[in-house]
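> So that we are looking at the same thing, I have put the structure below in structure tokens.
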Amino acid sequence: MQIDIISLFPEYFAPLDVSLLGRARAQGLATIDVHDLRTWTSDPRRTVDGVPFGGGPGMVLRPEPWGAALDALLARATGDPPCLLVPTPSGQPFTQSLARDLATEPWLVFACGRYEGIDARVVEDAATLMPVTEVSVGDYVLAGGEVATLVMLEAITRLLPGVVGNPASIAEDSFSVGGGGALVEGPVYTRPAVWRGRAVPEVLRSGDHAAIARWKREQAERRTAERRPDLLTGKLPPTFPGVAQ
Ligand code: 6GU
């Protein structure tokens, strides 16, 4: 998979060299190129932002550097254009299901905004040239798209063939559909069998694989009902546990 990232802060992406993703890159399973948006400025001050038309707080990223950056990446295309992802709190929710879809794409481009966002014409214009998805990683506001991009890249690249050593660990992930619905995973245990007077559930040490599978399924269902009833009903309960309303 080819991944290009356009950002004002390329240094944000140092973690891409670490751990699972670092190994995937080193093995050539994913090629990640980080580009500085200022490469595509044309004034001596390398200006990327401007005051918002219509007033309002903060600054907006001007369209010209983005247009030039996306044109430069598109010029590298030999076949289909890339899939453009634009992180923004107003985007469609990033989910495991979207991660699975994106993991099948050969080429992704992430456009990381900062400040109050990117001039809206950039996405409009890009959508005439390539598929574009605006995505949000949750209902909170980050200072820019960089950390959101790291989140999405970690979720996507661990699904690429060969990145995670044991494919079963992906099949059993939270939000994977196993027997009729997305659930969060239940608790896990390792040695010692008793720690500070707390014993590991007996069934896990029984060697009865069918009983263990049933128990894991029950635990996942119970935890999902307690913590994430929205996953079962498709909507949040009137009082979401632990959240003041
Ligand atoms: Cl994708 N970007 C920013 N800036 N803030 C966010 C977000 C993305 N998702 C949630 N908050």
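The values are calculated or read from the model by the stated rules, or taken from the named source; none is laboratory data. Here the structure is a predicted model, which means the values were calculated and not measured. Every residue, glycine as well, gets a Cβ built from its backbone with ideal geometry; the counts of neighbours run over all protein chains shown. Protein only, heavy atoms only, side chains kept; ligands, DNA and RNA dropped before computing areas. Shrake-Rupley method; radii C 1.70, N 1.55, O 1.52, S 1.80 Å.
> Just the residues that are within 16 Å of the ligand (Cβ to nearest atom) and open to solvent by less than 10 Å² (accessible area, probe 1.4 Å), please, taken from the stretch 141-163.
Matches in the stretch 141-163: GLY145, GLU146, ALA148, THR149, MET152, LEU153, ILE156.
> I've got another one for you. Among the numbered conditions (1) within 16 Å of the ligand (Cβ to nearest atom); (2) closer than 30 Å to LEU183 by Cβ, tell me where LEU61 comes up short.
(2)
> Which residues, counting only those in the stretch 113-136, are open to solvent by less than 60 Å² (accessible area, probe 1.4 Å) and under 10 Å from THR88 (Cβ atoms)?
GLY113, GLY117, ILE118, VAL123, VAL135, SER136
> Given the options PRO131, PRO82, name the one that is out of contact with any helix residue (DSSP H, G or I) (no Cβ under 9 Å at 6 or more places or on another chain) and not small (Gly, Ala, Ser).
PRO131
> If you go through the stretch 29-44 one residue at a time, do you hit one that is exposed (fewer than 15 other Cβ atoms within 10 Å of the Cβ), assigned to a strand (DSSP E or B) and hydroxyl-bearing (Ser, Thr, Tyr)?
Yes: one or more hits.
> In the list GLY113, GLY138, which residue meets the criterion of being within 8 Å of the ligand (Cβ to nearest atom) and closer than 15 Å to GLY67 by Cα?
Criteria check complete, one pass: GLY113.
> Right, here's the next one. If GLY67 meets every condition in (1) farther than 21 Å from ARG38 by Cβ; (2) out of contact with any Leu (no Cβ under 9 Å at 6 or more places or on another chain) apart from one, which number is that one?
(1)
> If you don't mind, another one. I'm told VAL177 meets every condition in (1) hydrophobic (A, V, I, L, M, F, W, C); (2) exposed (fewer than 10 other Cβ atoms within 10 Å of the Cβ); (3) under 19 Å from GLN96 (Cβ atoms) except one. Can you identify the failing condition by its number?
In the conditions (1) hydrophobic (A, V, I, L, M, F, W, C); (2) exposed (fewer than 10 other Cβ atoms within 10 Å of the Cβ); (3) under 19 Å from GLN96 (Cβ atoms), VAL177 misses (2) alone.
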